[in-house]
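Enquirer: Have a look at the structure that comes next, please.
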């Protein structure tokens with residue numbers, strides 16, 4: 001799966017499941033900053049989505065990997081089978 | 001099918017906070033249908049509201065959550081170390097009031113999970129009429145982390 005496809009799937013998930021406004025969500029927008037304002041409950045939803053859709057476990061993974069769609073996609077790319 | 005004695009073996013809640021009294025259908029880790037009989041003698045009706053008893057919506061959610069917890073089957077060693085707790089309540093609608101004398105027929109169906117979170121769609125009916133519906137999400141936390 002191309003990196004671009006992963007990012008686009010992640011963005012669709014953030015918009016449909018976590019209620020993020022697509023107009024302010026770019027691939028490098030900080031997810032847990034003031035603008036988007038996700039919290040630790042959302043991070044569990046992200047972990048579950050990534051596990052179910054890409055077969056990559058992000059449980060216990062360092063915070064830096066959750067910073068943006070770019071960093072999550074990079075982690076998936078690096079760790080997928 | 002589970003009666004109140006079998007339910008009490010599987011969940012920790014006790015009266016007056018036991019909100020499922022019978023399970024009529026159960027597919028482990030998938031779905032269940034359960035019954036909650038609503039009596040005028042329940043303590044919360046004294047205050048909610050004096051003279052016009054209505055079952056609080058949060059307790060309808062609690063009844064759904066207790067049925068979900070009966071659906072989630074985990075190995076004994078997992079349940080010894082971890083506690084399954086409510087993480088999110090999404091889109092709950094209370095379509096019609098629940099009053100004393102109503103028998104809630106609650107159906108829950110797993111929509112996602114198996115990993116860090118487990119999600120369910122819940123439907124609450126009385127006499128086949130929809131009274132409430134919504135989604136609940138659970139996660140597990142290590143018991144030793146509680147209060148820290």
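What follows is calculated from the coordinates using simple rules that are stated; it is not laboratory data. Remember, predicted model here, so these are calculated numbers, not experimental data. Reconstructed Cβ throughout: ideal geometry from the backbone, glycine too, with neighbour counts over all protein chains shown.
Enquirer: Return one number: the angle in degrees, 0 to 90 and rounded to the nearest 10, between the long axis of the Cα atoms of helix B:57-71 and the longest principal axis of the Cα atoms of chain B.
Expert: Value to nearest ten degrees: 40.
Enquirer: Expressed as a whole percent, how much of the Cα-Cα distance distribution for the protein assembly as shown exceeds 29 Å?
Expert: Taking all Cα-Cα pairs of the protein assembly as shown, the fraction more than 29 Å apart is 39 percent.
Enquirer: Return the Rg/Rh value of segment B:35-84, two decimal places, where both radii are evaluated on C-alpha atoms and Rh is the Kirkwood radius.
Expert: Ratio of gyration radius to Kirkwood radius: 1.17.
Enquirer: Once you put a point 7 Å from the Cα of residue B:146 and another 7 Å from the Cα of residue A:35, both along the Cβ direction, what distance in nm separates them?
Expert: 4.1
Enquirer: Using Cα pairs under 8 angstrom and six or more residues apart, how large is the relative contact order of chain A, in percent?
Expert: RCO, chain A: 34 percent.
Enquirer: Related question: Cut-off is 10 Å between beta-carbons; in what order do B:48, B:131 appear when sorted fewest neighbours first?
Expert: With the sparsest Cβ surroundings first, the list reads B:48, B:131.
Enquirer: Something else now. Apply the Kirkwood formula to segment B:4-145: the hydrodynamic radius equals the inverse of the mean of 1/r over all pairs of different alpha-carbon atoms; give it in Å with one decimal.
Expert: 15.6
Enquirer: Here's something else I'd like to know. Return a whole-number percent for the relative contact order of segment B:4-145, with Cα pairs under 8 Å and 6 or more residues apart as the contact set.
Expert: 25
Enquirer: How high is the FRET efficiency between residue A:79 and residue A:8 when r is their beta carbon distance and R₀ equals 22 Å, given to the nearest 0.05?
Expert: 0.70
Enquirer: Right, something else. When a footprinting reagent is the concern and you count Cβ atoms within 10 Å, what order do B:2, A:15 take, fewest first?
Expert: A:15, B:2
Enquirer: Expressed as a whole number of Å, what is the distance separating the alpha-carbon centroids of segment B:71-99 and segment A:1-79?
Expert: Cα centres, segment A:1-79 to segment B:71-99: 25 Å.
Enquirer: Under 18 Å from a point 7 Å along the Cα-to-Cβ line of residue A:70: which residues of segment A:1-26 have their amide N that close?
Expert: A:3-12, A:23-26
Enquirer: Order of A:17, A:23, B:78 from fewest to most other C-beta atoms within 10 Å?
Expert: A:23, B:78, A:17
Enquirer: Rounded, prolate or oblate: pick one for segment A:3-79, where a ≥ b ≥ c are the square roots of the eigenvalues of its C-alpha gyration tensor, a/c under 1.5 means rounded, and failing that, prolate if a/b is larger than b/c, else oblate.
Expert: Judged from the Cα gyration tensor, segment A:3-79 comes out rounded (a/c under 1.5).
Enquirer: Can you tell me the FRET efficiency between residue B:11 and residue B:95 if r is taken as the Cβ-Cβ distance and R0 is 22 Å, rounded to the nearest 0.05?
Expert: 0.25
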